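For reference, the structure discussed in these notes is given below.
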Amino acid sequence: MEQVTKQETEEILRLAEKVLSAAGDFVELGCYKGETSLLLARLLKAHSSDKRLWLYDSFAGLPEKTVEDASTAGEQFKAGELFVSKREVVEKFKRSGLPFPVIKKGFFEDLDPAADLPSNVAFAFCDGDLYSSIKTSLKLVVPKLADDGIIVVHDYNNPELPGSSRAVDEFLRAHADFRLAQKHTLAILTRR
């Protein structure tokens, strides 16, 4: 994995497996090259799950940073950085033989919650890197999250990408019904 460590990947898959019986599908907001996506698809197939996997990415790289993303440690993360084409992800899935996911191209703030997201979400992996992307991801997912669903946000307490932590912390201040657990640079959000 390039952006997600082996330990983080193991934790993501462990958490996703915990909610296989929860109502709803799996979503990944910020799929990049689709490496985590393939692993989530394999998990669903291994458990003969009828859940669908929904993938979202701008396929145009990162958006512009906001003031909440300011960090001298993360100066390399500029607009357009981490560009990957949708075709690359599509081709990976074609070669894998795994069930094909729903893939939506666009910046998260341009998504229509009613038309572009599943009606119920059991598991969400939010890897948008920046404040506005994580804030929007949470806004999109939370109203659809199953009562026993799990949201995992990547780059929590990552000094290179402080906007992720700021968005999560802001969310928690406004949503007392959610609790936070942290493992590696993963913020694990569940309802109380």
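Scanning for something in a strand (DSSP E or B), over 22 Å from ALA41 (Cα atoms) and among the charged types (D, E, K, R), does segment 138-151 turn up at least one residue? Give the steps one after another, and end with the answer.
First, pick out the residues of segment 138-151 that are in a strand (DSSP E or B): 145-151.
Applying the additional criterion that residues be over 22 Å from ALA41 (Cα atoms) yields 147.
Of the ones still in play, those that are also among the charged types (D, E, K, R) are 147.
The answer is yes, given that some residue of segment 138-151 is in a strand (DSSP E or B), over 22 Å from ALA41 (Cα atoms) and among the charged types (D, E, K, R).
Looking at SER137, SER133, SER119, can you tell me which residue is polar (S, T, N, Q), under 14 Å from LEU55 (Cβ atoms) and in contact with a helix residue (DSSP H, G or I) (Cβ under 7 Å, 6 or more places away or on another chain)?
Exactly one residue qualifies, and that residue is SER137.
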- Query: Of the residues GLY163, GLY128, which is surrounded by 23 or more Cβ atoms within 10 Å (Cβ to Cβ), at pLDDT below 95 and in contact with a strand residue (DSSP E or B) (Cβ under 7 Å, 6 or more places away or on another chain)?
  - Reply: GLY128
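Among the residues of segment 21-47 satisfying the criterion of being of a type in the set (Gly, Ala, Ser) and assigned to a helix (DSSP H, G or I), which is nearest to ASP129 (Cα to Cα)?
Step one: list which residues in segment 21-47 are of a type in the set (Gly, Ala, Ser), which gives 21-24, 30, 34, 37, 41, 46.
With assigned to a helix (DSSP H, G or I) added as a condition, the list becomes 37, 41, 46.
Numbers: SER37: 16, ALA41: 22, ALA46: 29 Å.
Of everything passing the filter in segment 21-47, SER37 is nearest to ASP129 (Cα to Cα).
Would it be correct to say that ASN157 is of a type in the set (S, T, N, Q), surrounded by fewer than 22 Cβ atoms within 10 Å (Cβ to Cβ) and closer than 19 Å to GLU8 by Cβ? Full working, then the answer.
Working: of a type in the set (S, T, N, Q): yes; surrounded by fewer than 22 Cβ atoms within 10 Å (Cβ to Cβ): yes; closer than 19 Å to GLU8 by Cβ: yes.
Yes, satisfied.
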- Message: Is it the case, given these coordinates, that THR72 is modelled with pLDDT under 95 and touching a helix residue (DSSP H, G or I) at 6+ places or on another chain (Cβ under 6 Å)?
- Response: no
- Note on the structure: For segment 38-68, the count of residues that are polar (S, T, N, Q) and closer than 19 Å to LYS144 by Cβ equals 1
- Query: For segment 11-19, does any single residue satisfy the condition of being β-branched (Val, Ile, Thr), in contact with an Asp or Glu (Cβ under 8 Å, 6 or more places away or on another chain), modelled with pLDDT of 95 or more and assigned to a loop (DSSP other than H, G, I, E, B)?
  - Reply: yes
- Item | Matching residues, segment 150-167, being of a type in the set (S, T, N, Q) and touching a residue at least 24 places away in the same chain (Cβ under 8 Å) | ASN157, ASN158, SER164
- Failed item in (1) under 19 Å from PHE59 (Cα atoms); (2) outside any loop (DSSP other than H, G, I, E, B); (3) touching a residue at least 12 places away in the same chain (Cβ under 8 Å), with GLU91 passing the rest: (3)
- Message: Looking only at segment 1-57, filter to residues that are charged (D, E, K, R) and crowded, with 18+ Cβ neighbours inside 10 Å; which one of those is nearest to PHE123 (Cα to Cα)?
- Response: ASP25
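The values are calculated or read from the model by the stated rules, or taken from the named source; none is laboratory data. Given the structure is predicted, the values throughout are model-derived calculations rather than measurements. Every residue, glycine among them, receives a Cβ derived from its backbone with ideal geometry; neighbour counts consider all protein chains shown.
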